[in-house]
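**Student:** Sharing a structure, written as structure tokens. Questions coming.
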Amino acid sequence: MPLKLTRAVFASLTVLFLIAPLIAILPLAFTSSVILTYPIPSWSLRWFEELFTADAWRRAIVNSLIIGGGTTAVATALGTAASLGLRNHLLFFRGSFRTLFLLPMVVPAVVLGVGLQVLLARLGLANSYAGVIIAHTVVAVPFVVVSVTGALSGIDKRVELAAQSLGAAPATVFRRVTLPLAMPGVLSGAVLAFATSLDEVVLTLFVAGPNQRTLARQMFSSIRENISPAIAAAAFLFIAATVAIGLVVVLSRSMMAKRR
């Protein structure tokens, strides 16, 4: 078998393996049954209606949007600033600082949850939206740093030096040259930060109160109490929102590439 064909078959099987659970569960979001079972007796949108009419689910969706939006804004700003700082070759212990920023990606979520719970309680931010946003930002910043750092590494510094040689101030160089060139990485990092916040459960269990119950936490609680097709409907919304945001980012990057 030719090497290219072998790679194509292997890649196809890998993709199928990854999406097989989604293929199995997503159709159940449209079932009329009260349990997750095949074959589907009939098709219905009753579980999507429940998501937007039941108080618990509706409040969870609103909380996820509030916390996800706040996390995205803070994490994108901090991650972009950190990436710009780590770009400086004169920075002492640059490798150590980069490792420090990436630590939340490898530290167990339970350890982070316990530490953040103690810290936020001392700061008076326990059981608050600000506390949950801070907790989610901790785990979202590394994704922004990785994405923006990759984008910055692809920028030719001679372009920035040319702008400086023409009299542009550092702030102007950043706003008119560096940021537009790094924008694809910034947008990708923002999407990853939002997705991380949307999917985070463990930290939310530790730092959120009853009023900050997110969609992921509501799904987790529903699985423990009663497995309902509403969970499949919520998962469908998760995936649809992620795909939609991803398409927006791809289109934005394409438009930026054309402008260049």
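Readers should treat all values here as calculations from the given coordinates under stated rules, not as data from a laboratory. Quantities reported herein were computed from a predicted structural model and do not represent experimental measurements. Every residue, glycine among them, receives a Cβ derived from its backbone with ideal geometry; neighbour counts consider all protein chains shown.
**Student:** Treating the beta-carbon of each Lys and Arg as +1 and of each Asp and Glu as -1, no other charges, what is the dipole magnitude of the stretch 49-259 about its Cα centre, to the nearest 20 debye?
**Tutor:** My answer is approximately 740 debye.
**Student:** Further, regarding this structure: Full extension from VAL106 to ALA73: what is 0.36 nm times the residue separation minus their Cα-Cα distance, to one decimal in nm?
**Tutor:** Values: separation 33, 0.36 × 33 = 11.88 nm, distance 2.27 nm.
That pair, VAL106 and ALA73, stretches by 9.6 nm at full extension.
**Student:** Would you please put 188-199, 72-83, 149-160 in order of how densely packed they are, using the mean number of other Cβ atoms within 10 angstrom per residue and starting with the highest? Numbers along the way, then the final one.
**Tutor:** Working: 188-199: 23.3, 72-83: 21.2, 149-160: 14.2.
Ranked from most to least packed, the peptides come out as 188-199, 72-83, 149-160.
**Student:** Considering the options ALA235, GLY185, PHE92, tell which one lies farthest towards the positive end of the dipole of the stretch 49-259, charges being +1 on Lys and Arg and -1 on Asp and Glu at the Cβ, about the Cα centre.
**Tutor:** PHE92
**Student:** I've got another one for you. How big is the chain on each of its three principal axes, counting only the C-alpha atoms and giving the largest first in Å?
**Tutor:** 70, 62, 33
**Student:** Over the chain, what relative contact order in percent results from Cα pairs under 8 Å that are six or more residues apart?
**Tutor:** 30
**Student:** Nearest 500 deg cm²/dmol is fine: what mean residue ellipticity at 222 nm does the chain get from its DSSP H runs of n ≥ 4 alone, each adding -39,500 (n - 2.57), divided by its residue count?
**Tutor:** Taking each H run of at least 4 residues, the total per residue is -25000 deg cm²/dmol.
**Student:** Please list the non-local residues whose amide H lies under 5 Å from the amide H of THR31, H modeled 1.01 Å from N, same-chain partners needing a gap of 5 or more.
**Tutor:** HN-HN under 5 Å from THR31: SER44.
**Student:** What percentages, rounded to whole numbers, describe P(r) for the stretch 1-49 computed over all alpha carbon pairs with 10 Å bin width beginning at zero?
**Tutor:** In order of increasing distance, the bins hold 24, 31, 20, 16, 9, 0 percent.
**Student:** Short version: ³J(HN,Hα) in whole Hz for each residue of the stretch 228-234, in order, from phi by Karplus 6.51 cos²θ - 1.76 cosθ + 1.60 (θ = phi - 60°), x for Gly and Pro, what are they?
**Tutor:** With coefficients 6.51, -1.76 and 1.60, one gets 10, x, 4, 5, 5, 5, 5 Hz.
**Student:** How far apart, in nm, are two points set 7 Å out from the Cα along the Cα-to-Cβ line at THR37 and at SER165?
**Tutor:** About 7.5 nm, to one decimal.
**Student:** Now a separate question. Relative to a virtual label point 7 Å from the Cα of ALA24 in the Cα→beta-carbon direction, which members of the stretch 32-66 show backbone nitrogen distances below 18 Å?
**Tutor:** 35-40, by backbone N distance to the label point.
**Student:** May I pose another question? Apply the Karplus parameterisation 6.51 cos²θ - 1.76 cosθ + 1.60, with θ equal to phi minus 60°, to every residue of the stretch 132-140 and state each ³J(HN,Hα) to the nearest whole Hz, in sequence, with x for glycine and proline.
**Tutor:** 5, 4, 4, 4, 5, 5, 4, 8, 8
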